[in-house]
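Working notes, beginning with the structure itself.
Read-outs throughout are calculated quantities, based only on the coordinates presented, and are distinct from any laboratory measurement. On a predicted model such as this, the values are computed, not experimentally measured, just so you know. FYI the Cβ positions are ideal-geometry reconstructions off the backbone, even for glycines, and counts take in every protein chain you see.
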Amino acid sequence: MLQKNRRLIVSLITGALLGLVCVVGVGWRVGGLAGNEWFLFAMWYNRVIMGLVIGLAADLEFVHHPANRYIRGLILGALVSAAIFFSTEMRDIPALFAGIVYGPIIEFVARWFD
């Protein structure tokens with residue numbers, strides 16, 4: 001139980017930190033913070049939710065292979081990031097790809113702390 005709690009906490013923190021990276025990147029792309037506060041908050045929140053989903057998915061197996069964790073991170077990162085992608089009428093492609101990359105990063109960090 002302690003192992004799963006640690007994984008969840010680490011995944012949430014990693015998602016929140018990657019969310020800050022996203023806020024900086026997206027803020028730069030959309031012209032700053034002014035007038036974009038809610039969108040930038042939604043971007044950060046999306047990454048926190050990604051950390052939550054990945055943290056809770058420790059036992060989810062897509063393939064029976066040691067690389068499963070990275071495939072799981074990639075798939076879950078894409079699924080969670082799709083929310084932002086669809087909410088921008090499929091225009092924010094960089095945010096979608098960032099989520100696809102962030103998923104395996106969250107998995108890697110969670111595994112590193114296990």
- Query: Using alpha-carbon positions, what is the distance between the centroids of segment 2-46 and segment 54-93, in Å?
  - Reply: 16
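Would you please name the GluC sites (Glu not before Pro) within segment 1-110 that are DSSP coil residues with at most 16 other C-beta atoms within 10 Å of their C-beta?
On the way: sites: Glu37, Glu61, Glu89, Glu107; in loops: Glu61, Glu89.
Those that pass, being in a loop and sparsely packed, are Glu61, Glu89.
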- Query: Of (1) 14.1, 47; (2) 22.5, 73; (3) 12.5, 34, which one was derived for Rg and Dmax of the Cα atoms in Å from the structure shown?
  - Reply: (1)
- Query: About its Cα centre, what dipole magnitude does the chain give when the only charges are +1 on Lys and Arg Cβ and -1 on Asp and Glu Cβ, stated in debye to the nearest 20?
  - Reply: 200
- Query: Using θ = phi - 60° and the Karplus curve 6.51 cos²θ - 1.76 cosθ + 1.60, what whole-Hz ³J(HN,Hα) does each residue of segment 83-94 get, with Gly and Pro shown as x?
  - Reply: 4, 5, 4, 5, 5, 9, 6, 6, 9, 8, 5, x
- Message: At a 10 Å Cβ-Cβ cut-off, how would you order Thr14, Thr88, fewest neighbours first?
- Response: Thr88, Thr14
